[in-house]
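S.K.: Here it is, the structure in full.
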Amino acid sequence: MRNGGGAEQVSVRVFLVDDHAVFRSGVRAELSREPDMEVVGEAGGVAEAIAGIASARPDVVLLDVHMPDGGGVAVLTGIDDGPVCLALSVSDAAEDVIAVIRAGARGYVTKTISGSELADGIRRVAGGDAVFSPRLAGFVLDSFTGRSPVPEPPLDPELDSLTPRELEVLRLLARGYTYREIAETLFISVKTVETHASNVLRKTQQSNRNALTRWAHRRRID
């Protein structure tokens, strides 16, 4: 948040991440009615979101959970500490809620929320609160008390050894992207992609790309 000085209100800087442009436009229009909200950027995919968030430096990221090139967890693992993230999704599945909270989101609300309720949720997470649609809060409580039907992810030392950028490269390799396509998607050089791919192969102890793809698919990384 920032203070404009004098009588000007503190403005919450918001970044929108959703693969549906029409939905982003609607959210932007709703938030534009709030005198203390400023939408500073938007993105429709994971790589675009990571780059945009780093550039715009928002206070709050409104984050879709499922997108064609990844989802909320991929964005959360790819950004630096700084903005707080509020998941905004059509899904109210326990596994989706728990996955993004484990990855670092500060709250989770569904797209049935009203504009005023969404604005209030943004203010609350910006102020340090956790925000959940009422039904979803129970999923998180169950997870922390050990009663969740969603199991804790198993320990995977090889996967855990990957950096966020290496994990992004792994996902795109598993989808069949060429090195050049990965470079264009992540806004990095082909040589940098080659370096990341080499590191991924070494850390996962796979001999070639085909083996790596099978390894990634067994772990549902795609």
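S.K.: Name, by its number, the condition in (1) modelled with pLDDT under 85; (2) within 23 Å of Ala103 (Cα to Cα) that does not hold for Gln205.
M.R.: In the conditions (1) modelled with pLDDT under 85; (2) within 23 Å of Ala103 (Cα to Cα), Gln205 misses (2) alone.
S.K.: For a quick check of your reading of the model, give me the residue pairs whose first member lies in region 5-19 and is among the hydroxyl-bearing types (Ser, Thr, Tyr), whose second is at pLDDT 60 or above, with beta-carbon atoms closer than 8 Å and at least 6 apart or on different chains.
M.R.: Ser11/Asp36; Ser11/Met37; Ser11/Glu38
S.K.: Look at region 168-222 and say how many of its residues are open to solvent by 30 Å² or more (accessible area, probe 1.4 Å), among the aliphatic types (A, V, I, L, M) and in a helix (DSSP H, G or I).
M.R.: 2
S.K.: Additional query: Does region 100-108 contain at least one residue that is closer than 22 Å to Ala21 by Cβ, out of contact with any Cys (no Cβ under 9 Å at 6 or more places or on another chain) and part of a strand (DSSP E or B)?
M.R.: no
S.K.: Out of (1) open to solvent by less than 30 Å² (accessible area, probe 1.4 Å); (2) modelled with pLDDT under 75; (3) among the β-branched types (Val, Ile, Thr), the odd one out for Val109 is which?
M.R.: (2)
S.K.: Suppose the filter is more than 16 Å from Val169 (Cα to Cα) and free of Cβ contacts under 8 Å to residues at least 60 places away in the same chain; does Gly71 pass it?
M.R.: no
S.K.: Among the residues of region 85-98, what is the count of those that are open to solvent by less than 40 Å² (accessible area, probe 1.4 Å) and either touching an Asp or Glu at 6+ places or on another chain (Cβ under 7 Å) or in a helix (DSSP H, G or I) (or both)?
M.R.: Matching residues across region 85-98 total 6.
S.K.: Can you tell which of Arg28, Arg57 is touching a residue at least 40 places away in the same chain (Cβ under 8 Å) and either of a type in the set (Lys, Arg) or at positive phi (or both)?
M.R.: Selected residue: Arg57, the only one of Arg28, Arg57 that is touching a residue at least 40 places away in the same chain (Cβ under 8 Å) and either of a type in the set (Lys, Arg) or at positive phi (or both).
S.K.: (1) without any contact (Cβ under 8 Å) to a residue 24 or more places away in the chain; (2) farther than 29 Å from Gly52 by Cα: which one isn't true of Leu212, the others all being true?
M.R.: (1)
S.K.: Separate question: Residues to consider are Gly115, Gly121, Gly104; find the one that is touching a residue at least 12 places away in the same chain (Cβ under 8 Å) and over 19 Å from Val27 (Cα atoms).
M.R.: On inspection, the qualifying residue turns out to be Gly104.
S.K.: Identify the residue in region 18-62 that is open to solvent by less than 30 Å² (accessible area, probe 1.4 Å) and small (Gly, Ala, Ser) and, among all such residues, is farthest from Val131 (Cα to Cα).
M.R.: Only one residue tops the list, namely Ala47.
S.K.: Could you list, in sequence order, all residues of region 13-39 that are in a helix (DSSP H, G or I) and not aromatic (Phe, Trp, Tyr)?
M.R.: Selection gives Ala21, Val22, Arg24, Ser25, Gly26, Val27, Arg28, Ala29, Glu30, Leu31, Ser32.
S.K.: Limited to region 170-218, what total is found for residues that are in contact with an Asp or Glu (Cβ under 7 Å, 6 or more places away or on another chain) and closer than 17 Å to Ala74 by Cα?
M.R.: Total satisfying the criteria: 7.
The values are calculated or read from the model by the stated rules, or taken from the named source; none is laboratory data. These figures come from a predicted structure and were not determined experimentally. Methodologically, a virtual Cβ is constructed for each residue, glycine included, from the backbone with ideal geometry; neighbour enumeration extends over all protein chains shown. In case anyone asks, the SASA skips ligands and DNA or RNA and just uses the protein heavy atoms, side chains included. Shrake-Rupley method; radii C 1.70, N 1.55, O 1.52, S 1.80 Å.
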